[in-house]
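A.B. asks: Handing you a structure now.
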Amino acid sequence: MGFPKNFLWGGATAANQYEGGWNLGGKGPSTSDHMTGGTVSTPRRFTHKIEEGTYYPSHEAVDFYHHHKEDIELMGEMGFRVFRMSINWARIYPNGYDETPNQEGIDFYHTVFKECHDNGIEPLVTISHYETPFGLTEKYNGWAGRETIECFLRYCKTIFTEYKNEVKYWLTFNEINIGMNPFGKTLGLGMMMEEGDWNFGATETKEEASERFTALHHQFVASAKAVKLGHEINPDFKIGCMIAGSMAYPYTCKPEDVKKAQDQMNMGNFFCGDVQVRGHYPYYARRYFADNGIQVRMEEGDEELLKNGTVDFYSFSYYMSSCASADPEVAKGKGNMMMGIQNPYLKASDWGWQIDPKGLRTYLNEVYGRYEIPLMVVENGLGANDVVEEDGSIHDSYRIDYLRSHIEAMKEAIEDGVEVMGYTMWGCVDLVSASTGEMKKRYGFIYVDRDNDGNGDMHRARKDSFHWYKKVIASDGEDLA
Ligand code: BGP
């Protein structure tokens with residue numbers, strides 16, 4: 001009972017929010033490098049050209065590029081067994097479509113992986129985490145172009161070969177189901193978006209929706225081919241999918257609400273996992289596409305490819321849950337990427353994300369029951385506004401409470417019989433928020449001196465949660481006090 005001894009405890013980051021050095025060492029720009037800063041009330045803007053005098057938080061982010069040694073040592077001090085990070089695709093292939101890789105980029109990650117191993121940490125690498133090279137966006141409209149599949153495969157071949165003895169765990173696309181929403185078309189699918197505010201409530205025509213689902217189909221094919229290729233290069237590789245876990249409850253027990261919640265779970269949560277784990281489109285796709293006039297451009301042989309490239313494990317992010325109602329009048333939550341209806345039984349974070357640890361246990365059971373393959377929680381955490389005391393200490397008891405309750409729920413799920421491989425808390429070092437572009441929305445065990453406008457000397461500091469998590473890992477999840 002309890003957490004297995006080999007449980008992969010650790011933390012997670014993504015290059016676009018963490019690494020910086022956006023134009024150093026031969027790196028090209030990615031879609032994220034074209035997103036300006038924002039706040040919970042002011043949306044981020046997407047610009048086609050990099051505007052002089054405008055602040056783009058990913059450009060320096062929190063400068064892992066120059067702080068990797070220090071950060072990985074701090075992770076080692078906490079006892080991390082795994083560190084989830086992403087390789088910045090445009091650091092390896094600056095335009096995405098280049099014929100040859102950038103050696104300086106390749107060397108950078110060799111250094112990082114060596115530091116991980118020197119500190120007893122196994123890297124878990126996300127191959128694409130909101131980092132489509134901007135060159136591909138301009139040339140092929142990102143993943144809407146079928147050519148992007150081959151560019152991605154070339155990139156995968158390079159990194160799988162280079163790092164085959166340094167990295168064992170891989171994820172193909174971060175939160176691939178962000179592409180199920182119009183707001184995910186640029187960040188997730190690398191498609192060109194009109195200049196202007198990033199709009200979470202964006203609507204689209206049937207043609208645009210067809211283009212988006214075609215782009216997503218290309219990612220499914222690319223993911224399947226990558227899994228197959230990875231296993232050929234090193235049969236010990238474990239390659240997973242990564243889903244934005246969204247638990248939707250019926251707002252009432254009215255049968256209409258129950259059906260609405262089921263639809264929301266299918267289209268919002270299960271669709272992509274169904275393709276990547278089972279190797280074919282789910283049965284409900286046909287009706288959804290027909291009802292919405294969506295036509296996906298598929299080629300002969302694609303079905304076979306999907307079947308032959310199913311993932312080894314299912315990973316997901318989990319932050320909150322939401323409700324579904326058939327009544328359009330029921331109030332919507334605010335400031336929430338998934339835009340669910342508020343649950344009267346739950347409290348929300350300062351950014352409107354509804355905190356629901358028990359939902360994590362339900363979610364784990366739900367997904368394990370569906371697929372019966374190992375699961376991994378690769379993102380979970382609380383974005384909060386931390387206060388630095390005069391003596392430099394940071395007392396983040398609210399974060400400890402959040403994490404404790406979710407770890408307890410995960411433990412219950414393990415005792416229910418669910419196979420969970422590991423847990424990487426999101427944003428273990430403070431980093432840029434994906435939805436709002438802020439620094440103020442902090443997740444870390446490790447504080448970084450950097451604010452929303454790019455001020456600060458980037459020094460690192462241990463928060464109270466740092467010492468707490470160290471105890472959690474040392475006790476294999478037994479000491480959560
Ligand atoms: C997920 C992303 C991460 C991360 C996290 C927290 O959607 O995979 O990149 O940012 O959410 O979200 P935010 O940064 O908006 O608080």
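A.B. asks: Could you list, in sequence order, the residues of the range 194-226 that are in contact with a Ser or Thr (Cβ under 7 Å, 6 or more places away or on another chain) and farther than 18 Å from residue 96 by Cα?
C.D. replies: Selection gives 195 alone.
A.B. asks: Given (1) basic (Lys, Arg); (2) in contact with a Pro (Cβ under 9 Å, 6 or more places away or on another chain); (3) in a helix (DSSP H, G or I), identify the lone condition not met by residue 69.
C.D. replies: Among (1) basic (Lys, Arg); (2) in contact with a Pro (Cβ under 9 Å, 6 or more places away or on another chain); (3) in a helix (DSSP H, G or I), residue 69 violates only (2).
A.B. asks: While we're here: Among the listed residues 152, 134, 173, which satisfies the condition of being on the phi < 0 side of the Ramachandran plot, touching a residue at least 60 places away in the same chain (Cβ under 8 Å) and within 14 Å of the ligand (Cβ to nearest atom)?
C.D. replies: Every option except 173 fails the conditions.
A.B. asks: Considering only residues that are of a type outside the set (Ser, Thr, Tyr) and over 19 Å from the mean Cα position of the chain (by Cα), look in the range 46-58 and name the one that is nearest to residue 22 (Cα to Cα).
C.D. replies: 50
A.B. asks: Here's a follow-up. I'd like to check something: does the range 345-365 contain any residue that is surrounded by fewer than 18 Cβ atoms within 10 Å (Cβ to Cβ), closer than 20 Å to residue 444 by Cβ and of a type in the set (Ser, Thr, Tyr)?
C.D. replies: no
A.B. asks: If we scan the range 94-102, do we find a residue that is under 27 Å from residue 380 (Cα atoms) and touching a strand residue (DSSP E or B) at 6+ places or on another chain (Cβ under 8 Å)?
C.D. replies: The answer is no, given that none of the residues of the range 94-102 is under 27 Å from residue 380 (Cα atoms) and touching a strand residue (DSSP E or B) at 6+ places or on another chain (Cβ under 8 Å).
A.B. asks: Considering only residues that are more than 16 Å from residue 292 (Cα to Cα) and of a type in the set (D, E, K, R), look in the range 209-229 and name the one that is surrounded by the fewest Cβ atoms within 10 Å (Cβ to Cβ).
C.D. replies: Applying the filter and picking the extreme gives 228.
A.B. asks: Looking only at the range 425-453, how many residues end up being within 12 Å of the ligand (Cβ to nearest atom), farther than 17 Å from residue 68 by Cβ and not aromatic (Phe, Trp, Tyr)?
C.D. replies: 11
A.B. asks: In the range 413-424, which residues are within 16 Å of the ligand (Cβ to nearest atom) and of a type in the set (Val, Ile, Thr)?
C.D. replies: Residue satisfying the conditions is 424 alone.
A.B. asks: Give me the strands (runs of 3 or more DSSP E) completely within the range 377-477, filtered to those with at least 1 residues that are among the charged types (D, E, K, R) and over 21 Å from the mean Cα position of the chain (by Cα), ordered by residue number.
C.D. replies: 460-462
A.B. asks: Restricting to the range 270-294, name every residue that is within 14 Å of residue 367 (Cα to Cα) and surrounded by fewer than 18 Cβ atoms within 10 Å (Cβ to Cβ).
C.D. replies: 278 - this is the single residue of the range 270-294 that is within 14 Å of residue 367 (Cα to Cα) and surrounded by fewer than 18 Cβ atoms within 10 Å (Cβ to Cβ).
A.B. asks: Is it the case that some residue within the range 46-65 is assigned to a helix (DSSP H, G or I) and either more than 16 Å from the ligand (Cβ to nearest atom) or closer than 23 Å to residue 449 by Cα (or both)?
C.D. replies: yes
A.B. asks: Inside the range 1-45, can you point out the residues that are within 16 Å of the ligand (Cβ to nearest atom) and among the aromatic types (Phe, Trp, Tyr)?
C.D. replies: Within the range 1-45, just 18 meets the criteria.
A.B. asks: Considering the range 159-181 alone, what residues qualify as being crowded, with 16+ Cβ neighbours inside 10 Å and either more than 28 Å from residue 299 (Cβ to Cβ) or in contact with a Ser or Thr (Cβ under 7 Å, 6 or more places away or on another chain) (or both)?
C.D. replies: Hits for the range 159-181 are 162, 163, 166, 167, 168, 169, 171, 172, 173, 174, 175.
A.B. asks: Consider residue 459 against the criteria (1) away from the ligand (no atom under 16 Å from the Cβ); (2) touching a residue at least 12 places away in the same chain (Cβ under 8 Å); (3) under 30 Å from residue 43 (Cα atoms): it satisfies all of them except one. Which criterion is unmet?
C.D. replies: For residue 459, the exception is condition (2).
A.B. asks: Let me ask another. Every residue in the range 238-259 that is within 16 Å of the ligand (Cβ to nearest atom) and either surrounded by fewer than 19 Cβ atoms within 10 Å (Cβ to Cβ) or not aliphatic (A, V, I, L, M) (or both), please.
C.D. replies: 240, 241, 245, 246 - these are the residues of the range 238-259 that are within 16 Å of the ligand (Cβ to nearest atom) and either surrounded by fewer than 19 Cβ atoms within 10 Å (Cβ to Cβ) or not aliphatic (A, V, I, L, M) (or both).
A.B. asks: Tally the residues that are within 11 Å of the ligand (Cβ to nearest atom) and touching a residue at least 40 places away in the same chain (Cβ under 8 Å), restricting the search to the range 176-186.
C.D. replies: Residues flagged as within 11 Å of the ligand (Cβ to nearest atom) and touching a residue at least 40 places away in the same chain (Cβ under 8 Å) within the range 176-186 amount to 3.
A.B. asks: Residues of the range 1-54 being surrounded by fewer than 15 Cβ atoms within 10 Å (Cβ to Cβ) and acidic (Asp, Glu), which ones?
C.D. replies: Residues satisfying the conditions are 51, 52.
A.B. asks: Which residues, taken from the range 398-428, are of a type in the set (Val, Ile, Thr) and buried (at least 23 other Cβ atoms within 10 Å of the Cβ)?
C.D. replies: Listed by number, the list holds a single entry, 424.
A.B. asks: Still on this structure: Give the range 366-393 a look and list any residue that's surrounded by 20 or more Cβ atoms within 10 Å (Cβ to Cβ) and of a type in the set (Val, Ile, Thr), or say none.
C.D. replies: Correct list: 367, 377, 378.
A.B. asks: Could you count how many residues in the range 440-481 are under 27 Å from residue 197 (Cα atoms) and touching a strand residue (DSSP E or B) at 6+ places or on another chain (Cβ under 8 Å)?
C.D. replies: Of the residues in the range 440-481, 4 are under 27 Å from residue 197 (Cα atoms) and touching a strand residue (DSSP E or B) at 6+ places or on another chain (Cβ under 8 Å).
A.B. asks: Do we find a residue being closer than 20 Å to residue 32 by Cβ, of a type in the set (Ser, Thr, Tyr) and at pLDDT 95 or above anywhere in the range 203-211?
C.D. replies: no
A.B. asks: Return the residues of the range 213-253 that are among the β-branched types (Val, Ile, Thr) and either more than 22 Å from residue 84 (Cβ to Cβ) or under 21 Å from the mean Cα position of the chain (by Cα) (or both); say none if nothing qualifies.
C.D. replies: Residues satisfying the conditions are 214, 221, 227, 239, 243, 252.
A.B. asks: Separate question: State which residue pairs qualify: first residue touching a residue at least 12 places away in the same chain (Cβ under 8 Å) and inside the range 210-234, second residue of a type in the set (D, E, K, R) and surrounded by 24 or more Cβ atoms within 10 Å (Cβ to Cβ) in any location, beta carbons under 7 Å apart, and separation of 6 or more residues or different chains.
C.D. replies: Listed pairs, sorted by first residue: 212/185.
The values are calculated or read from the model by the stated rules, or taken from the named source; none is laboratory data. The structure presented is a predicted model; accordingly, all values stated were derived computationally and were not measured. As a convention, Cβ positions derive from the backbone with ideal geometry for all residues, glycine included, and neighbour counts pool all protein chains shown.
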